[in-house]
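First up is the structure itself, then whatever we jot down about it.
Values in this text are rule-based calculations from the coordinates and carry no lab data. Please read all numbers here as calculations on a predicted model, not as lab measurements. All Cβ positions, glycine included, derive from the backbone under ideal geometry; neighbour counts span all protein chains shown.
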Amino acid sequence: MRTLLVVLLHTVVAVLVVGPAFRSPPRDDFPLSNYPMFSEKKDPRVTIQQVVARGEGAAEIVLGPAFVANEEVMQAAATIRRAMGAGAAGLETLCTDIAARVSASRDSELAAVREVLILSRQFHAVKYFSGDTIPEHEESLVRCEVLR
Amino acid sequence: MSAVWSYLDRRLAPEVPAIRLATLRALVGLFSLVYLSIRFIHLLRYRDFPAAQFAPIGVVSWLGLETPLAPWAVVAQVTVTWLLSITFMLGFKHRVLAPLFAFALLWTLTYRSSWGMIFHTENLLVLHVLVLAAAPAADTLALRVPPSERSARSYGLALRLMGLITVLGYFVAGVAKLRNAGWAWSSGDVLQVQVAYDNLRKLALGDFYSPLGGLLARFDFIWPPLAATSLIMELAAPVALLGDRVGRWWSFAAFSFHLGVLALMAINFPYPLSFVAYASFFHVERVLRFLPSRFRT
């Protein structure tokens, strides 16, 4: 009887852990997941929404995820995607929030920043690391002033 | 038939000393405490996140939370979880407080993952804590140990369940690769693009990235062996359940895999990289030799 319970317990736990992988479609959840990270066949041409700050000249400073959401880059990326989904108003709001954080920042590198831009840039990921760092395509999604 | 049952009983619930499971509890508790301490401020930041981004999953969704918690509640959940990690580590009132800690950790980390991005780095820790909280993991090496007349197999059962959860997590990750990309995943192309893509995205978003991963992304010949080795480690993970020695060797392989992920993608899986994730495959009580004698009971 005891052994049967032990076998049953192992079976239940195994089914719970493996289950998300064999569902159709597979299910990513927490803490039971199908662990989809690194599994997808990705197109090497990647479009990235990038947040940059500009001052007087053309030089730009890439603003890190902490300016967008928090220090988690994936969460920052999700925040930008969600703002894009909300249309122009969503992007304006996000841009203004980021500009306010830049304005409040004590980072001396950001002292001369005048504007914040959210850009959509397309690169070839593998070629980028071979030295081809110029975006294949670029579009400015939104631009806002940094009020001081 | 009875020989099969007897084998299964010995294999799935072996006799192990109480100190082994208790040491594992203390180590997982210590890891949780350190992890929550480091993440404390980060976890508090979710009190300021825009409500529009809230996308509840797991237990947060099942329990019907449709809008973000009030800021004071976020502070409370993080603080309570942190405090309970101390009682869990010390084995204090384990029967009552350990399940509370397991639920608090599950809730707090699920809440963290309920904002559009699931942190897969935390799944295994939560699952291990759930097992330890339900197990007699504080019959020794604990504050105020209650008298117990338990079978040594009870301790072994919990250890085996933790091992099962560990290896099946990797197996599932291997299955996901086959379902999404097929056996072509082992050719290395998918991994090469993944590494380049992930590093480029971090670089473009102003985050830490791996210069080594970026450097190696341009060399095609490196990726097939790395991809094939990773896939074998994941799909063959259940083999680790066949014996103690093979379990230990697999643990080192999985640990090396995470070192590789850290080096090539700057992605940190703290629990596996602490090696505590694999401790159930080892006679972990031996680490107590390094403690002063007054802390061993």
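Taken over the Cα atoms of segment B:44-120, the convex hull encloses 91 Å³ per residue. Let me know the whole percent of all Cα-Cα pairs from segment A:5-148 that are separated by more than 19 Å. Tail of the P(r) past 19 Å holds 64 percent of the pairs.
Shielding of peptide A:65-78 by partners, expressed as the average count of other chain Cβ atoms within 10 Å per residue Cβ, is 6.
Its Cα gyration tensor gives chain B an equivalent ellipsoid; the semi-axes, largest first and in whole Å, are 33, 28, 17. The simple spin-label model puts a point 7 Å past each Cα toward its Cβ; for A:Ala89 and B:Ala263 those points are separated by 5.1 nm.
Helices in chain B, meaning DSSP H runs of at least 4 residues, each add -39500 (n - 2.57). Divided by all residues, the mean residue ellipticity at 222 nm is -20500 deg cm²/dmol.
Provide a whole-number value for the mean count of partner chain Cβ atoms within 10 Å of the Cβ atoms in peptide B:185-196.
4
Amide hydrogen proximity for A:Val142: with H placed 1.01 Å from N in the peptide plane, the residues at 5 or more positions away or on another chain lying under 5 Å are A:Ile118. Just checking the listed ones, A:Glu138, A:Glu109, A:Glu92: in the Gaussian network model of chain A with Cα springs under 10 Å, the one fluctuating most is A:Glu109.
Within 10 Å of the Cβ of each residue in B:115-125, the mean number of Cβ atoms contributed by other protein chains is 5.
Taking only C-alpha pairs under 8 Å that are 6+ residues apart, what is the relative contact order of segment B:2-91 in percent? 47 percent. Across segment B:224-233, computed HN-Hα scalar couplings (Karplus, 6.51 cos²θ - 1.76 cosθ + 1.60, θ = phi - 60°) run x, x, 5, 5, 4, 5, 4, 5, 5, 4 Hz from first to last residue, x flagging Gly and Pro. Count Lys and Arg as plus one, Asp and Glu as minus one, and take only other residues whose Cβ is under 12 Å from that of B:Ala173; the net charge is then 0. Computed packing ranks the peptides B:146-153, B:201-208 as B:201-208, B:146-153, most packed first, by mean other Cβ atoms within 10 Å. Among the lysines of the protein assembly as shown, pairs that are 8 or more positions apart or on different chains and have alpha carbons within less than 27 Å of each other number 9.
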